[in-house]
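Please treat every number below as a calculation from the coordinates, not as lab data. Remember, predicted model here, so these are calculated numbers, not experimental data. Because the Cβ atoms are built from the backbone with ideal geometry, glycine has one as well, and the counts that use them run over all protein chains shown.
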Amino acid sequence: MAEEKYKTFVVIGLGVFGSHVVRHLARYNVDIIGIDKDEKKVEAVKEFLRIPVVGDAMDAEQLYQAGVTPQDVDVAIVAIGESVEANVYVSLLLKDMGIKKVMSRALNTQHANILAKIGVDRVVFPEESTAENLVHELLSPQIIDRLELSEEYSIAEVTPTKEFYNKTIQQLAIRTKYKITVLGIKRKTAVIDETGETDTKDEIVLLPGPEEKILQGDILIVIGKNMDIEKFKSL
């Protein structure tokens, strides 16, 4: 389940969407640089930021002074929503600076096409992708889907590490070691169709017993505290 871990983020544009991204990121013990020209917007999320910056992100020198460099920032999120031109310019500037991953908010389809053409790694429509979902996507790459039961508990689909393959749930002691419960296993099974060709179908093993083995390609449906699910996926 090991994946590249993002530790330092810069969020540019601290309006409604940008501030929500900051608040959700802050739950994950990561470093956040927040930049906006509006001092009030910076002040509103200052407590969540390692480096709060009141400044113009269209100025490369100000970005460098804030610590926005390829060596120091893993992900840049351009949440500017007031101006397409500013959004595109800052996105292009960050790509030109060599920031590893640049994600930008799009205001419309034409804007999204422009962002894609300049090489933005991920284009986000806030109306379709909430700030919370975006943060889950960034920090929980193994979690395919998630159902929030409360602020503390979730049901999630998790891709198991290959070290789990061909071992039983009992052998892995998932509930004891990781404090989560396996509710089901999504699995592809080989079948013979009407023409005699081999095909696959999806099946779900509900409430698998302790002797159920986890196979390559399985997806675990688990329930537990959000913090325990995050630990499980980061093994």
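Some points to look at:
- Computed from the C-beta positions of S83 and K201 and an R0 of 45 Å, the FRET efficiency is 0.35 to the nearest 0.05.
- For the pair I118 and L215 in one chain, pulling the backbone fully straight at 0.36 nm per residue adds 30.9 nm over the alpha carbon distance.
- Among L134, L107, the order by Cβ neighbours within 10 angstrom, fewest to most, reads L107, L134.
- HN-Hα J in Hz across segment 14-19 - Karplus 6.51, -1.76, 1.60, θ = phi - 60°, x for Gly and Pro: 10, x, 4, 5, x, 5
- Using the Cβ-Cβ distance between K162 and R50 with R0 set to 41 Å, the FRET efficiency from 1/(1 + (r/R0)^6) comes to roughly 0.75.
- In order along segment 155-161, phi translates into HN-Hα couplings of 10, 9, 9, 10, 7, x, 5 Hz, rounded to whole numbers, per the Karplus curve 6.51 cos²θ - 1.76 cosθ + 1.60 with θ = phi - 60° and x for Gly and Pro.
- Rounded, prolate or oblate (a/c below 1.5 giving rounded, otherwise prolate when a/b exceeds b/c) for the chain by Cα gyration tensor: prolate
- Cα gyration tensor category, rounded, prolate or oblate, for segment 8-139 with a/c compared to 1.5: rounded
- Among T159, T181, T189, sorting on how many other beta-carbon atoms sit within 10 Å of each Cβ, with the fewest leading, yields T189, T181, T159.
- Long-range amide H partners of G184 with built H, under 5 Å: L207, I221
- Across segment 7-12, coupling constants 3J(HN,Hα) worked out from phi with the 6.51/-1.76/1.60 Karplus curve, θ = phi - 60°, read 10, 10, 10, 10, 10, 10 Hz, and Gly and Pro carry x.
- Beta bridges per DSSP with both ends in the chain, % antiparallel, nearest 5: 55
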